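A short write-up of the structure that comes next.
Rule-based calculations on the coordinates, nothing more; no lab input. The structure presented is a predicted model; accordingly, all values stated were derived computationally and were not measured. Neighbour counts are summed over all protein chains in view; Cβ atoms, including those assigned to glycine, are modelled from backbone coordinates with ideal geometry.
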């Protein structure tokens with residue numbers, strides 16, 4: 001198997017793994033707000049909870065979430081946002097705290113997002129992550 005094929009298979013399997021182990025029905029519902037944008041609505045949430053480890057100065061897991069481009073690029077585990085489909089977006093699972101193995105931020109490393117804030121991120125992703 002070619003290296004790229006192996007990498008794509010690993011990414012596909014890792015996406016399935018998080019979905020199989022996590023009860024996605026426990027995710028907060030998407031916020032009813034329309035027209036969400038990264039700069040106006042999402043970046044301020046991430047700034048308080050995520051930039052310390054995933055900002056300009058430091059990128060744990062090679063993930064950076066301080067710009068739209070960087071957030072959509074993802075990190076060492078591939079893309080963390082699937083535009084238009086929050087249920088396939090590992091970022092949403094991590095920030096929701098449903099998976100203890102990938103919860104972000106880890107305990108003691110920042111203030112977790114509230115259910116309402118997770119709902120805003122979910123709506124933003126479902127609306128196309130603009």
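Annotations for the structure displayed:
- Label-to-label distance, nm, for residues given as residue 33 and residue 57 (7 Å Cα→Cβ offset): 2.7 nm
- Exposure proxy ranking for 65, 22, 93, based on other Cβ atoms within 10 angstrom of each Cβ and starting from the fewest, stands as 22, 93, 65.
- Rg/Rh ratio calculated on Cα atoms of the stretch 3-126 (Kirkwood radius): 0.94
- Length gained when the stretch residue 73-residue 23 is fully extended (0.36 nm per residue, less Cα-Cα span): 15.5 nm
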